[in-house]
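Derivation of every value follows stated rules applied to the coordinates shown; laboratory data play no part. All figures in this text were calculated on a predicted structure; none of them were measured in a lab. So basically every Cβ, Gly included, is an ideal-geometry build from the backbone, and we count neighbours across all protein chains shown.
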Amino acid sequence: MKLLVTGGAGFIGSNFIRYFLDAHPDCSVLNLDKLTYAANLDNLSEVASRANYQFVQGDICDPELVGSLLRQDVEAVVHFAAETHVDRSIADARAFVETNVVGTYTLLEAARRKGVRRFLHVSTDEVYGSLAPGREADEQAPLQPSSPYAASKASSDLLVRSFCRTYGFPAVITRCSNNYGPYQFPEKLLPLMITNALEGKKLPIYGDGLNERDWVFVEDHCRALDRVLDAGRPGEVYNVGLGKPATNLEVVRMVLRILEVSQDQIEFVIDRPGHDRRYAVDTGKIRRELGWEPKVDLEEGLARAVKWYRSHSDWVKKAKSGEYRLYYERFYGNRRASLTQL
Ligand code: NAD
Ligand code: TYD
């Protein structure tokens, strides 16, 4: 089978391509990625020279390019490409609407015309919004996104759903909780905390640090995607998660314990506007129907992630340089400054 993977040079996409080509050496992957600030082709150096892997730099919003790639005997699409950082979406949502909504529409329309066998839309539990303590969102829960990022992903989920209902388009949607692991861009919580701790820098926790996320090791997410691609029912949604939400403070403290770094490096900064308090998904459907179970608990996953960032200092240095450094210094500088003004 030949897959078109979009956004394969980012965090989850690159982990998925490596996982998929190892698990299915008879299949091939065509990776379309625009190479935004979040992408890094070094993430794919292990597979770059394989005969069954090909990379094309380009934008999912470009209908001619997407159409011509799909005509290269592509049977299935796995769609990761997106703008993904909530804080950036709060500062300026335009690119989120363009890539996540218009880009997804462009891809759907081209894939429908081509008549692909399968379209896997990789979405997020953030579309359900913040949940009260004790509650879990199943796949029927209302979409109540809080951030412009989550709203753009919810919009793309609804477009996918409309294509299934209107055209009988063979798409499946996954909604996974927060991922962590190797190759995650260090603007997201865990790689930022691990790398800052290693560099002796402060660890900025938003608000009181009691917001809960259900952290999934990226390899477990990749296995779930592989199962859904193979056996998910067309038109269906599958939640993916560990099922054990933890507060940001708990998770950051675990990282500091693994690194044997002082808890004094934690610094509370001003909260994110509209910050969702709690995400939690009911993962009964994927467990029952597809036999998927997460294999990596938080303790083991964090230890593996810490080990990876520790041994990839060149990767970290490159990711934290250039445009990102300017963004980071301005962003966190403002958060700290506004806190002292309160
Ligand atoms: P990422 O930000 O690390 O990577 C996104 C990739 O998409 C980058 O390589 C970027 O260059 C590419 N891209 C962006 N705009 C593009 C465009 N217009 N055309 C082509 N390529 C473009 O993201 P990630 O964390 O790997 O997330 C991948 C997908 O998984 C996203 O759809 C995200 O919503 C979803 N997801 C992420 C998480 C998480 O915790 N990271 C959890 C659940 C779902
Ligand atoms: P993030 O990794 O941005 O993922 P998301 O907002 O998509 O869940 O953030 C995870 C949690 O960590 C979220 O509650 C916000 C919080 N957070 C901090 O406290 N400090 C930080 O520097 C970052 C990036 C996030």
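Just add up the charged neighbours of residue 271: K/R +1, D/E -1, any other residue whose Cβ is under 10 Å from the Cβ of residue 271.
On the way: positive: 272, 335; negative: 208.
In short, +1.
Note down the net charge around residue 7, summing +1 for each Lys or Arg and -1 for each Asp or Glu among other residues with Cβ under 9 Å from its Cβ.
On the way: positive: 34; negative: 33.
Computed value for this residue: 0.
How compact is the range 125-253 by the rule of thumb for globular proteins, expressed as Cα Rg over 2.2 N^0.38 Å?
On the way: Rg = 16.5 Å, N = 129, 2.2 N^0.38 = 13.9 Å.
Taking the Cα Rg and dividing by 2.2 N^0.38 Å, one obtains 1.18.
Hey, any idea what Rg/Rh is for the chain, computing Rh the Kirkwood way over Cα pairs?
Details: Rg = 19.3 Å, Rh = 20.4 Å.
Radius of gyration over Kirkwood radius for the chain works out to 0.95.
Please list log₁₀ I(q)/I(0) at q = 0.16, 0.27, 0.29 Å⁻¹ for the range 132-181, using the Debye equation with identical point scatterers on the alpha-carbon positions.
-0.59, -1.19, -1.24
Which entries in 188/317; 201/320; 153/320 show an alpha-carbon gap greater than 18 Å? Can you show the working numbers first?
On the way: 188/317 15 Å; 201/320 13 Å; 153/320 26 Å.
The pairs that break the limit, which is 18 Å between Cα atoms, are 153/320.
What is the sum of charges around residue 295, taking Lys and Arg as +1, Asp and Glu as -1, for the other residues whose C-beta is under 12 Å from the C-beta of residue 295?
Working: positive: 223, 304; negative: 219, 220, 293, 297, 300.
Net of charged neighbours comes to -3.
For a Förster distance of 30 Å, can you work out the FRET efficiency between the beta-carbons of residue 233 and residue 206, rounded to the nearest 0.05? Display every interim value, and only then the final one.
Values: r = 38 Å, r/R0 = 1.27.
That gives a FRET efficiency of 0.20.
If you take the square roots of the eigenvalues of the alpha-carbon gyration tensor of the range 237-280 and sort them as a ≥ b ≥ c, do you get rounded (a/c under 1.5), prolate (a/b over b/c) or oblate?
Numbers: a/c = 3.92, a/b = 1.43, b/c = 2.75.
The shape class here is oblate.
Please arrange 308, 292, 215 by counting, for each residue, the other beta carbons lying within 10 Å of its beta carbon, fewest first. If you can, show how the numbers build up before the last one.
Values: 308 17, 292 21, 215 25.
The fewest-first ordering by Cβ neighbours comes to 308, 292, 215.
Suppose R0 equals 41 Å; then what is the FRET efficiency for residue 288 and residue 95 from their Cβ-Cβ distance, rounded to the nearest 0.05?
On the way: r = 37 Å, r/R0 = 0.91.
Once rounded, the FRET efficiency stands at 0.65.
With no solvent and one point per C-alpha, what does the Debye sum give as log10 I(q)/I(0) for the range 84-142 at q = 0.14, 0.20 Å⁻¹?
The Debye formula, applied to the Cα set alone, gives -0.60, -0.95.
How many nm is it between the label spots at residue 167 and residue 300, if each spot is 7 Å from the Cα in line with the beta carbon?
Placing both labels 7 Å along Cα→Cβ, they lie 4.1 nm apart.
What are the DSSP H helices in the chain that stretch 27 Å or more along their long axis, judged by alpha-carbon atoms, and whose average Kyte-Doolittle hydropathy comes to at least -0.5? Mind dumping the intermediate values first?
Numbers: long enough: 148-167 (28 Å, -0.10); 322-341 (29 Å, -1.36).
Taking the DSSP H segments of the chain (at least 27 Å long, mean hydropathy at least -0.5), we get 148-167.
What is the diffusion coefficient of the range 20-80 in µm²/s, taking the Kirkwood radius over Cα pairs and the Stokes-Einstein relation at 4 °C with a viscosity of 1.567 mPa s? The partial results should precede the final answer.
Details: Rh = 12.7 Å.
Estimated via Stokes-Einstein, D reaches 102 µm²/s.
Please list the radius of gyration and Dmax for the range 58-184, considering alpha-carbon atoms only, with Å as the unit.
15.0, 48
So for the pair residue 263, residue 27, with labels modelled 7 Å out along Cα→Cβ, what separation do we get in nm?
Distance between the two pseudo-spin positions: 4.4 nm.
Report the convex hull volume per residue for the range 201-293, counting only C-alpha atoms, in Å³. Working shown, then result.
Working: hull volume 11.2 nm³, N = 93.
So the per-residue hull volume is 121 Å³.
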